[in-house]
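Some notes on the structure that comes next.
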Amino acid sequence: MISKSLAIEVLNAGLATGADFAEIYLEDTKTSNISVENGKVETSATTVSKGAGIRLLKDLRSVYGYTSDLSKKSLLKLAFDLSKSFQGDRILTVEKLKTIKVKNLSNYERSLFATPKEDIIAVLKKGDKVMSEYDKRILRTNSGLGMVMKDVEIFNSNGKHFKDHKERGRAFLSCVAIEGDKVESGYNAPGARRGFEFFDTQIDIEALAKDAARAAILMLTAKDCPSGKMPVILGNGFGGVLFHEACGHPLEASAVSKKLSVFSDSLGKQIASPIVSAVDDGTIPNAWGSNNIDDEGNPTQKNQLIKDGICVGYLIDDFNGRRMGMKGNGACRRQNYKYEPTSRMSNTYIENGTSTVEEIIKATKLGLYAVSLGGGQVSPATGEFNFSCSEAYIVRDGKVCEAVRGATLIGKGEEILLKIDMIANDLERSQGMCGAASGSIPVEVGQPTLRISEMTVGGTGGELK
Amino acid sequence: MNYNKLFSLAKEKGISALSVTKSYSAEKSISLFHGEISNYSINSSTNYAIRGIYNNKFGAIGTESDDVNFIVDEIIKNAKVIEKDEVAEIFKGSKSYKKRNYYSNELENWDLNEPIKKLFELEKVLKQKDPRVIEVEVEFSLTSSENEIRNSYGLKLKEKSNYYTCFASVVVKDKEEIKDGFGYVISNDPKEFDINKIADDAIIDATSKLGGTTINSKKYNAVLDYKAVASLLNVFIGWASADSVQKNSSRFIGKLNTQVASKKLTISDMPLLKNIFARGFDDEGVATYNKKIIDKGVLKTFLHNLETAKKDGVQPTGNGFGSLNIGIDTTNLSIKPGKYSLDELLAKAGNGVYIKSVTGLHAGMNGRSGNFSLQAVGFVIENGIVSSPLKMMTVAGNVYDVFNSVAAVGKTQTLTLGGTISVPLLIKKLSVTSE
C-alpha cells in the first residue's frame, strides 16, 4: 500500500527521538452484509476502509496514532507528532526492509466477494424458510451473511516487511417465537475463514436453521430457571465461552504484565482442576479466529495455556512481554488500523477428557445442564464473570428433565476452574466476536461437555427442587 | 469529497436521490502506569456513510475514500438486491432547525499540559488515598468530532462537538479479597475536571465492595441507583421505537395514550439539552425536538424515523439514527427527578437491597420480552441504611414490571457515559440470587 522507501522514511522519522521500535500497520478492508428478513432481502451494504496505524515503543512506553490519509505528507506528520512524546537521541535507523514470506493456512475455493449476491441470497433464503415453516409461532426470521476481506501490510524497525490477505464470512440465522406475552429467540451463527463453499456445501444451513427454530420454541414453554448454588453441566462448543471469560482474558499479557490479572505470576501454579488442559491455537486452518501472522508480524502458534491444571503459558504480545521478560507468541491482535494491538485470544478450547456425556449426566443428582450459552463478560482484575444460558435443562437423579429459561451463571474464574470435576470427549468449537481494548475481533471458543461441581445460578424460578 | 461530481454521476447512472453523511473525528489520549506515560495516541479519521435510492430501493456504502465511481456502482449493486416492500425516501429538509452551540472553544484552546499534569496528580492521589489500593490505571482523552449531511436535494447540515474524558480504575485488596472500582468525568468544561472527586468515586466504588456478605435468595424491596436504572430504562424505552412496534418486537403495541409505567415516571427524549450529546438533527437530517415519551406513566408518542413515520402516516420525530442502516434511538433520555435523596429512598426501602449497577446486558437481557437475569453490584439495606456489600449476586425479573412497580423517584440526576440522564428509583420486589 506504500513503497518500502516511504516506509523506511516514516519509520526513521518516528525513531528520531530515541524510540527502540517503530511499526507501520496498513490495512485495506472491504466488508459486505446482506440480510433477509421474513423471506425478503431487507438490507445490503458495503463498507470500505483504508488506513495506517503507527506505533513507537521506548522501554515500557508506547505511542500510537492512526490516519485514513495515506499520503506521504500525512504519514510523515503522524510519525513526527508521535515522536514528540519522547525526548532523546536516535538509537536506531532502518536501512532496508526484507519481505518475509507469509504461509497461508486458510485457503478458500470461491471468494465470497467474487460470488454473485443472488447466490448468497439463495442460501440465506433456504435457511430463512426452514425457520419460518418450523412452527406457526415463529413470527420473525432473520438470516444474514457478513463477509470481510482484508489486505494487511506491516513494516517494522526490525527490518521486516509482511503482507497478508485474509477473507472470512459468517452467517446469522435467528428467529423469534411469540405466544401470548412470551417472546423467545433462537440463534445460530456459523462462520469460518473460508469462501462461499462453506455456506453452500460444507455446512448444513437448513439443519442449523431448524436448530435455531427448535431452541426458540423450546424456550417458549420453558419454566423460569430456579436460582441458587448447584452443579452445572456445560455443553460443548459455545459452552467454551466460560473458559474464554473466566480464564482466557485473565491470561492475556495486557492484564498479566501489569499485575492486573488474578493469574499474574502464576506460571507453574495449579490454577485449574488436574483434569483440565487448555490451548489457544491461532494456526488451525480455516478456523474463524485463526491468522497466518499476528497483527505485529509474529507467526501464530499453538500455545498450551494449562496442562493438567497447571498454568504453563500466557498469551503474549512483544510490548507487554517486555514487562514480563518474555517474547510475543503470536497472540497480538487488533480490530483494525484504528486500534493499538495487544495480546488477545484466537481459537481457545479445553481439551478432551475421558468421560462421556452420558456418564456426566448420570453422575448428577440435581443440577443444571446448560446446553448452550448466550454470551458473557469478565473483569480480569477480580476474575468475576457472568454469562447467560440460551438453552438449559434441570437434571434430576441422572436424567435430563424440564427445560428452563432466563438462567445467568456467575462466579470467579479462579474458583470455577478448580471445580471442573468431569470432562467428556466431545470437543467442539463455536464462533464468536470478542471485545476488549484492541477492539472487536473474531474468535473461536470450545470445549467438550464438562461439569462444574458447584456454581451460582441466577433466575426467577425460586429454589431448585 | 467532490459532492457535485458525486451527485451528478449518481443522477446520470439512475440514482434518484443520494445522501452523504461525513463523520470526522480526532482524538488525543494518554494513559499512565506507575508514574509514567504508558500510552499516548493521536488519531483522526474521516468516514462517509452514503445512501442512494435506485429503483425505489436503498443501496448503501460506508467508505473512507472518495472514489465516486466505486461509490455509485456499489450503491446500485446493493439497491438491486433489496426486496422489502417499503418505498425508500431521502429527506428534503425540515422547515427549521434549532441552533444550539455545544462546541466548546475553551476546550479547543485548552493547553494539554494542564490536564496531563492533573492526570499525574490523580494517579498519585489514588495511590496514597487508601492503603488497600494495590493498582491504579488512569487515562485522559480529548475528542472533537464533526458531522455533516449533504444530499442531492441541496440539504446541507453541519454540527461539531468536543469533549474530554478521564477514567480512573483502582484495584483494592483487603486480606485475600480483591475488588475493582471506577471513577470518571466526561465533559466539555475544563473546570469540571476535579481529580479529587474522580479519585473518591473510584476508591469508594472499589472499597465499598469489600467484606461482602450473602442473603437469602428471594424477592426484596430494591433501590436501584442511577446506573442500574439507565441500563434497564434503555430496554424499556426501546419498546417505544416505532420500528420495534411495526416488527412486533415491542410490549407497547397498541398502547399509545395508555398507562405503560408507574404514574410517578415521566421520561423524555431531550436532544436539544445543552450538553455534549446534544443533536440538532438526526442522521436522516430531520430536525430534532425535545419530547415527553412517557408522561406520568402514559405513553405519549412512539419514536420514528422517516420509514416508520411513513408507514404510520405520521411526521418523523427526529429519532432516526444509524449510519448505513437507519434505526431508532434517543438522545439525552431523561427521567424527571422526584422528591427523594438517595438516603431517603434507602430509608423508605427499610429492609432490602441497594443495586448500584448491573452487567452482562448483551447476554442476560431479552430485549423483546424484557426478561433479565444479570450480574449486579449490590448492598444490603437494613433498617433504612446500607449495612454491608453483597458478594457476587444476580438480579432477575422483567423490565416492564420494574417500571410499573416504582414506589418512589430520586431527585439527583446524573448523566451516564451512554447519554442517559438518570435518577435512582425505589421499586418493590426484585428477585435476588446471592452466593
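Given the residues A:VAL63, A:VAL94, A:VAL130, which is the only one that is in contact with a helix residue (DSSP H, G or I) (Cβ under 8 Å, 6 or more places away or on another chain) and at pLDDT below 95?
One residue alone meets the criteria, A:VAL63.
Restricting attention to strands (runs of 3 or more DSSP E) lying wholly within segment B:381-435, give those where 3 or more residues are surrounded by 20 or more Cβ atoms within 10 Å (Cβ to Cβ) and away from chain A (no Cβ under 14 Å).
Fully inside segment B:381-435 and qualifying: B:420-422, B:425-434.
Within segment B:49-62, track down each residue that is within 11 Å of chain A (Cβ to nearest Cβ) and surrounded by fewer than 22 Cβ atoms within 10 Å (Cβ to Cβ).
B:LYS57, B:GLY62
What's the number of the only condition in (1) buried (at least 23 other Cβ atoms within 10 Å of the Cβ); (2) touching a residue at least 60 places away in the same chain (Cβ under 8 Å); (3) within 25 Å of the chain's Cα centre (by Cα); (4) within 14 Å of another protein chain (Cβ to nearest Cβ) that A:ALA192 fails to meet?
Among (1) buried (at least 23 other Cβ atoms within 10 Å of the Cβ); (2) touching a residue at least 60 places away in the same chain (Cβ under 8 Å); (3) within 25 Å of the chain's Cα centre (by Cα); (4) within 14 Å of another protein chain (Cβ to nearest Cβ), the lone unmet condition for A:ALA192 is (4).
In segment B:281-296, what count of residues is obtained for those that are of a type in the set (Gly, Ala, Ser) and buried (at least 22 other Cβ atoms within 10 Å of the Cβ)?
Narrowing segment B:281-296 to residues of a type in the set (Gly, Ala, Ser): B:285, B:287.
Among the residues that remain, those that are also buried (at least 22 other Cβ atoms within 10 Å of the Cβ) are: B:285.
So the answer is 1.
Confirm whether B:ALA168 is crowded, with 18+ Cβ neighbours inside 10 Å, assigned to a helix (DSSP H, G or I) and touching a strand residue (DSSP E or B) at 6+ places or on another chain (Cβ under 8 Å).
Judged against the criteria, B:ALA168 is not a match.
Can you find, within segment B:309-353, the residue that is surrounded by the most Cβ atoms within 10 Å (Cβ to Cβ) among those that are within 14 Å of chain A (Cβ to nearest Cβ) and touching a Gly at 6+ places or on another chain (Cβ under 9 Å)?
Result: B:VAL353.
Could you grab me the full set of residues in segment B:66-115 that are within 14 Å of chain A (Cβ to nearest Cβ), closer than 30 Å to A:ASP69 by Cα and surrounded by 15 or more Cβ atoms within 10 Å (Cβ to Cβ)?
Selection gives B:ASP66, B:VAL68, B:ILE71, B:VAL72, B:ASP73, B:GLU74, B:ILE75, B:ILE76, B:LYS77, B:ASN78, B:ALA79.
Here is a list of conditions, (1) surrounded by fewer than 17 Cβ atoms within 10 Å (Cβ to Cβ); (2) not in a strand (DSSP E or B), and A:ASP151 meets all of them except one; can you say which number that is?
(2)
When residues of segment A:216-273 are filtered for being part of a strand (DSSP E or B) and surrounded by 23 or more Cβ atoms within 10 Å (Cβ to Cβ), how many remain?
So the answer is 5.
Tell me, which strands (runs of 3 or more DSSP E) lie completely within segment A:347-434 with 3 or more residues that are open to solvent by 50 Å² or more (accessible area, probe 1.4 Å)?
Values: elements: A:347-350, A:366-379, A:384-396, A:399-405, A:408-412, A:420-423.
Strands (runs of 3 or more DSSP E) meeting the threshold: A:399-405.
For the condition surrounded by fewer than 20 Cβ atoms within 10 Å (Cβ to Cβ) and either touching a Phe, Trp or Tyr at 6+ places or on another chain (Cβ under 9 Å) or among the aromatic types (Phe, Trp, Tyr) (or both), what is the one hit in A:VAL102, A:VAL63?
Working: A:VAL63 fails: surrounded by fewer than 20 Cβ atoms within 10 Å (Cβ to Cβ).
After ruling out the rest, the residue left standing is A:VAL102.
I'd like the residue in segment B:368-384 that is touching a Phe, Trp or Tyr at 6+ places or on another chain (Cβ under 9 Å) and of a type in the set (Gly, Ala, Ser) and, out of all such residues, is modelled with the lowest pLDDT.
Here the answer is B:SER369.
May I ask you to list the residues in segment B:354-373 that are closer than 17 Å to B:PHE403 by Cα and either open to solvent by 60 Å² or more (accessible area, probe 1.4 Å) or over 18 Å from the mean Cα position of the chain (by Cα) (or both)?
Within segment B:354-373, B:TYR354, B:ILE355, B:ASN366, B:ARG368, B:SER369, B:GLY370, B:ASN371, B:PHE372, B:SER373 meet the criteria.
Test of understanding: among A:ARG344, A:ARG333, which residue is modelled with pLDDT of 95 or more, surrounded by 24 or more Cβ atoms within 10 Å (Cβ to Cβ), out of contact with any Leu (no Cβ under 8 Å at 6 or more places or on another chain) and more than 10 Å from every other protein chain (Cβ to nearest Cβ)?
Values: A:ARG344 fails: out of contact with any Leu (no Cβ under 8 Å at 6 or more places or on another chain).
Residue meeting the stated conditions: A:ARG333.
Among the residues of segment A:60-89, write down those that are more than 9 Å from chain B (Cβ to nearest Cβ), of a type in the set (D, E, K, R) and part of a loop (DSSP other than H, G, I, E, B).
Matches in segment A:60-89: A:LYS84, A:ASP89.
Identify all residues within segment A:370-398 that are of a type in the set (Val, Ile, Thr) and within 8 Å of another protein chain (Cβ to nearest Cβ); write none if there are none. Give the derivation first.
Within segment A:370-398, the subset of a type in the set (Val, Ile, Thr) is A:371, A:378, A:382, A:394-395.
Within segment A:370-398, A:THR382 is the sole residue that qualifies.
The values are calculated or read from the model by the stated rules, or taken from the named source; none is laboratory data. Note that the coordinates shown come from a computational prediction; the quantities given were computed from them, not determined experimentally. Positions of Cβ are backbone-derived with ideal geometry, glycine not excepted, and every protein chain shown enters the neighbour counts. For the accessible areas, the whole protein counts, side chains as well, though only heavy atoms, and no ligand, DNA or RNA atoms are used. Shrake-Rupley method; radii C 1.70, N 1.55, O 1.52, S 1.80 Å.
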